[in-house]
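The values are calculated or read from the model by the stated rules, or taken from the named source; none is laboratory data. What you see is a predicted model, and the numbers here were worked out from it, not measured in a lab. Note that each Cβ is placed from the backbone with ideal geometry, even for glycine, and that neighbours are counted across all protein chains shown.
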Amino acid sequence: MDEARLTANVEELADLLIDTVDSGASIGFLAPLDRARAVAWWKERAAAVTAGELAVWTARVEGRTVGTVSLSFPDKPNSRHRAELVKLMVHRDARGQGLGRALLTTAERAAAEAGITLLHLDTETDSPAERLYRSTGWTRAGVIPDYAADPSGVLRPTTLYYKRVGAGSDERETGVEEEAEATA
């Protein structure tokens, strides 16, 4: 997704971010998340997309943005082989339909096509997202206690994961058909 498309979708992306926080996902925000702050946060991502530091994909169902995932690319020369998977979100009304898996697969494939060989992420320990990552071949690297506050402000442990992608990674096919229009 380029800067123009991100900017054009900022309202729907803000709605998705608010829904994700309101449903209890620990993605860096406390509840209640103010709509103006959610819109501003997405607008702040536009420059990183233009600079090639961030890639964003959305899942759309019936013309509505119901999911997103991003890859954050490091700016240091010794880490150009890796990227961080960030902000995988699926609207609670669209969960259980394979959209999270489809978005994850889209990001992994795009990373491999871009020459990335290692992905990493962090997620709240014992969260539904953690179950998704384990089921799609991500490797648990460890747990950090009291790493981040959940939306209600309670400190929770975070689990770190990594996955090798691209050449020589022994990628597994997920067999999941993308049920949404994934756009980059």
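Looking at the range 171-178, is at least one residue crowded, with 16+ Cβ neighbours inside 10 Å, at pLDDT below 95, in a loop (DSSP other than H, G, I, E, B) and acidic (Asp, Glu)? Yes, the range 171-178 has at least one match. Screening the range 114-147 for residues that are touching a strand residue (DSSP E or B) at 6+ places or on another chain (Cβ under 9 Å) and among the polar types (S, T, N, Q) and picking the one that is nearest to Thr68 (Cα to Cα) gives Thr123.
Consider the range 149-166 and keep the residues that are part of a strand (DSSP E or B), in contact with a Leu (Cβ under 7 Å, 6 or more places away or on another chain) and not charged (D, E, K, R). The one that is nearest to Thr117 (Cα to Cα) is Tyr162.
Counting only strands (runs of 3 or more DSSP E) that fall entirely inside the range 1-113 and contain at least 3 residues that are surrounded by 14 or more Cβ atoms within 10 Å (Cβ to Cβ) and not hydrophobic (A, V, I, L, M, F, W, C), the qualifying elements are 64-72, 82-90.
Taking the conditions (1) hydrophobic (A, V, I, L, M, F, W, C); (2) within 19 Å of Val165 (Cα to Cα); (3) out of contact with any Gly (no Cβ under 6 Å at 6 or more places or on another chain) in turn, Ala8 satisfies each one other than (2).
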